[in-house]
Each structure stands twice: as structure tokens, then as C-alpha cells.
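Report on one structure; see the data block that follows.
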Amino acid sequence: MSEERAAAPPASIRPWTVDDIPDVRRIGWDTWKATYGTFIPEADLRAYHDEHYSAPALLERFRRPATRGYMALLGGMPVGYMIMSCDARSGRCSVASIYIHPGSQGHGLGSILMREAFRVARISGFDRVWLGVMAQNTPTLDWYRSLGFTFVQEEPFTMGHTTVLHFIGYRIVTSGDLPNHTPAAHGSA
């Protein structure tokens, strides 16, 4: 007799709302501690998080016309997010943040979010998606490379009193990158 495996909860994404800000803060903090905690002291992580991911800072980002945000859901529960900006003035469409809670990784949510980033870039008139990743975050760096990102710049990135090497890269967007679904609405208020 074989064991029956429980079905994985359905994975999906949707545009973020102001009500998602507490979940973005929680998911970001938990993911940062797990991902960066081995090479950035917690006090430096906390200082950066409290400045750039405070409720007022996220609300300001939410209200920017160029900003798009998406929540990743497992079984309807928020477990990840992506914040991106497609800005004609800068000439770039960039993923600023993409995080899946450590306990919810491995369900394809990161890939779903990245396909949405490619779709948003394409419909916004951009031919590539840019992002940055810390050099010491090798699993994520390897994942981006497996998605076809090319890293062309190295810059310092400072959190609190800690500075690490940050790779900046892009991926060309093709029509084959577009997802089969479209979230009901886009981005900010």
C-alpha cells in the first residue's frame, strides 16, 4: 500500500494592496534573517529594514505611479512578494525586491513572480528586467543565472554598518516569457 501525499496548496499571485504592508514587512524580515543573517549582523539588518521597509516607507512606494507590487500566495495565504518599478525617466524596469518566506520556498512562486515581472516590463515598453543580488547570496544568484540573467556591474550595498558586494544584472524579455495568467489589476493605488 502506498502512502498518499498531501496535495500542495495552490500557488498564485495578485497585485498588492495597502492592507498587505504588514505581511510585506513580516515576510521581508523573516526572509532577510534567514538569507542575509550569516553575513550581515542582525542590528544592521534591522536598521535597514526599519528605514526602508517601515509602514510609511512602503506606503510611499505603494503610491508611486511607476511601482508595481505583487503578493505570492499559497493556499490563499501571503507567503512572498515582489516590488518592481518601470520608470520611463530612468529607462529601466527593475525588480527592487522579491522574497518568498523560507518556509514556503520550493512551490514555484519565485518563478511565477519573475514571469509577471517580464510581462509587466513588456507591456510597459521595456525590453529587459534589471535587478540586484548580493554576491554572498549564492543560491539566489545561481537561480537568477538559471533564468538567464547576465550580471554586468558590481557595486557596494550598505545595510547599517555593513557593506557587501552587490551584482547588478538584467535579462532580455521575450514573448515566450509572458505568463498565461494576468492578475486582475496592477500595482499601486
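The values are calculated or read from the model by the stated rules, or taken from the named source; none is laboratory data. Values in this document were obtained by computation on a predicted structure and should not be read as measured data. For neighbour counting, all protein chains shown are included, and Cβ atoms are generated from backbone atoms with ideal geometry for every residue, glycine included. Accessible surface areas use protein heavy atoms only, side chains included; no ligands, DNA or RNA. Shrake-Rupley method; radii C 1.70, N 1.55, O 1.52, S 1.80 Å.
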Check: Where the accessible area of the chain is counted over protein heavy atoms with a 1.4 Å probe, how much of it, in %, is carbon and sulfur?
Finding: 51
Margin query: Just to check I understand the Karplus step: with θ = phi - 60° and J = 6.51 cos²θ - 1.76 cosθ + 1.60, what whole-Hz values come out for region 25-30, glycine and proline as x?
Written below: 4, 5, 4, x, 4, 4
Note to self: Give me P(r) over region 79-185, computed from all C-alpha to C-alpha distances, binned every 10 Å, as integer percentages.
What the structure shows: 14, 46, 34, 7, 0
Next item on the list: For the chain, set up a Gaussian network in which alpha carbons nearer than 10 Å are linked by springs, and say which option among Ile100, Ile40, Ile123 fluctuates the most.
Entry: Ile123
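From the square roots a ≥ b ≥ c of the eigenvalues of the alpha-carbon gyration tensor of region 65-136, which class results: rounded (a/c under 1.5), prolate (a/b over b/c), or oblate?
On the way: a/c = 2.29, a/b = 1.70, b/c = 1.34.
It comes out prolate by the Cα gyration axes.
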Next item on the list: Could you do me a favour and compute the accessible area per residue for region 20-157, 1.4 Å probe, result in Å²?
Entry: 45
Item checked: Spin-label model distance (nm) - Arg64 vs Leu165, 7 Å beyond Cα toward Cβ -> 2.7
Notebook entry, point to check: Which label marks the calculated value of Cα Rg over 2.2 N^0.38 Å, given the options (i) 1.03; (ii) 1.07; (iii) 1.33?
Noted result: (i)
Notebook entry, point to check: Along the Cα-to-C-beta direction of Thr158, a point sits 7 Å from the Cα; which residues of region 40-78 have their amide N less than 13 Å from that point?
Noted result: 48
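Pop the C-beta distance of Ser146 and Ala43 into the FRET formula with R0 = 45 Å and round what comes out to the nearest 0.05. Show your work: numbers first, answer last.
Numbers: r = 33 Å, r/R0 = 0.74.
Efficiency, from the Cβ-Cβ distance: 0.85.
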